[in-house]
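Participant: The structure that follows is given in the form of structure tokens.
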Amino acid sequence: MERLQKVIAHAGIASRRKAEKLILDGKVTVNGKVVTELGTKVGKNDDVEVEGVPIDKEEPVYYLLYKPRGVISSVSDDKGRKVVTDFLPDVQERIFPIGRLDYDTSGLILLTNDGEFANQLMHPSHEVDKVYIAKTKGIPSKEQLKQLKKGMTVDGEYLKAVHAKINSTDTKKNTAIVQIILHEGKNRQVRRMFESLGFPVDKLKRERYGSLDLKGMNAGDFRPLKPYEVKQLRALAEKNVE
């Protein structure tokens with residue numbers, strides 16, 4: 001038996017707090033009866049509907065995918081381009097990506113059918129390290145890397161890195177390999193930050209998310225998360241979110 005708001009959140013319909021409001025507003029029924037008490041618990045055999053729509057109660061699943069470049073971080077694309085779920089064709093559950101990686105960015109992305117878990121990981125106050133490796137056209141100076149950590153406003157949006165360092169440089173080709181760590185996940189954030197400093201990003205890869213990495217994997221590979229990995233991520237997600 002689980003609390004009703006948790007079941008609704010897990011189904012991906014709303015965050016737990018929004019699920020609580022739906023219950024209080026009388027928009028949730030259990031076995032045909034309106035329920036407005038937040039302490040209500042339901043089991044697998046109970047029929048739950050939100051605003052008249054039945055919810056599916058799948059067992060939660062969690063996957064790590066090494067997303068190749070040229071793939072959309074979505075479950076469908078109206079232009080017919082490859083999407084991340086194309087790489088997990090045998091997964092029966094209705095999984096979706098947690099957050100996104102840009103079309104031209106490769107690397108680690110998580111997929112799940114656990115809406116509550118995804119909402120927690122994407123919460124603005126959640127501070128999980130997202131480690132990227134960028135190949136830049138031009139070689140940033142130490143002062144310019146400090147600017148990434150200090151923060152900057154780009155197109156009216158404040159962007160900030162947690163850490164940035166140069167791993168290697170090629171003076172002949174005038175390129176650098178830079179490691180940059182974010183806690184945020186704003187649209188094209190790494191590329192926009194470097195471009196604002198005058199260093200277009202040629203290639204970008206997310207190689208780590210929290211304690212997870214891509215060790216032993218090639219682009220297009222995926223694997224289910226181990227129970228202890230899910231537990232670690234859940235602990236991170238719940239650390240800063242009530």
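Participant: Taking every DSSP beta bridge with both residues inside the chain, roughly what % is antiparallel (nearest 5)?
Facilitator: Within the chain, antiparallel bridges account for around 95 percent of the total.
Participant: What spacing in nm lies between the two simple spin-label points modelled at Lys150 and Asn187, each 7 Å away from Cα in the Cβ direction?
Facilitator: It is 2.8 nm.
Participant: Sort 2-14, 29-41 by the packing proxy (mean of other Cβ within 10 Å over each peptide's residues), most packed first.
Facilitator: Taking the mean over residues of other Cβ atoms within 10 Å, the ranking is 2-14, 29-41.
Participant: Which is farthest toward the positive dipole end of the stretch 151-239 among Met193, Thr169, Tyr209, measuring Cα position about the Cα centre, with Cβ charges +1 (Lys, Arg) and -1 (Asp, Glu)?
Facilitator: So the residue furthest toward the plus end is Tyr209.
Participant: Further question on the same structure: For Gly99, what is the net charge nearby, where nearby means another residue's Cβ is under 12 Å from its Cβ and Lys, Arg count +1, Asp, Glu -1?
Facilitator: Surrounding charge for Gly99 is +3.
Participant: Counting only protein heavy atoms, what percent of the accessible surface of the chain is carbon or sulfur at a 1.4 Å probe?
Facilitator: Carbon and sulfur: 47 percent of the exposed surface of the chain.
Participant: Right, next: What does the helix-only formula give at 222 nm for the chain: each DSSP H stretch with n ≥ 4 adding -39500 (n - 2.57), the total divided by the residues, and the result rounded to the nearest 500 deg cm²/dmol?
Facilitator: Computed ellipticity for the chain at 222 nm equals -6000 deg cm²/dmol.
Participant: Would you mind calculating the gained length between Asp47 and Arg81 on full extension (0.36 nm times residue separation, minus the Cα-Cα distance), in nm to one decimal?
Facilitator: Length difference between fully extended and current span is 8.6 nm.
Participant: Hey, how many Å between the Cα centroid of the stretch 42-76 and the Cα centroid of the stretch 155-234?
Facilitator: So the two Cα centres are separated by 26 Å.
Participant: Could you provide, to the nearest whole Å², the per residue accessible area of the stretch 100-242 with probe 1.4 Å?
Facilitator: Per residue, the stretch 100-242 has an accessible area of 52 Å².
Participant: FRET efficiency for Glu195 and Leu88, Cβ-Cβ distance as r, R0 = 22 Å, nearest 0.05?
Facilitator: 0.10
Participant: While we're here: Hey, got the dipole for the chain? About the Cα centre, +1 on K and R Cβ, -1 on D and E Cβ, debye to the nearest 20?
Facilitator: Here the size comes out at about 1240 debye.
Participant: Of the listed values (i) 19.8; (ii) 21.1; (iii) 17.5, identify the label whose number matches Kirkwood radius over Cα pairs in Å calculated from this model.
Facilitator: Checking each listed value against the structure points to (i).
Participant: While we're looking at this one, here's another question. Distance check, please: which entries in Lys57/Lys79; Lys137/Lys205; Lys130/Lys205; Lys130/Lys231; Lys82/Lys205 exceed 21 angstrom between their Cα atoms?
Facilitator: Pairs exceeding 21 Å: Lys57/Lys79.
Participant: Next question, about the same structure. Please work out, to two decimal places, the log10 of the ratio I(q)/I(0) at q = 0.10, 0.15, 0.25 Å⁻¹ from a Debye calculation in which every Cα of the stretch 146-242 carries one identical scatterer.
Facilitator: So the normalised log intensities are -0.37, -0.79, -1.33.
The values are calculated or read from the model by the stated rules, or taken from the named source; none is laboratory data. Nothing here was measured: the structure is a model prediction, and the numbers come from that model. Every residue, glycine as well, gets a Cβ built from its backbone with ideal geometry; the counts of neighbours run over all protein chains shown. SASA here: full protein model, heavy atoms, side chains in, ligands and nucleic acids out. Shrake-Rupley method; radii C 1.70, N 1.55, O 1.52, S 1.80 Å.
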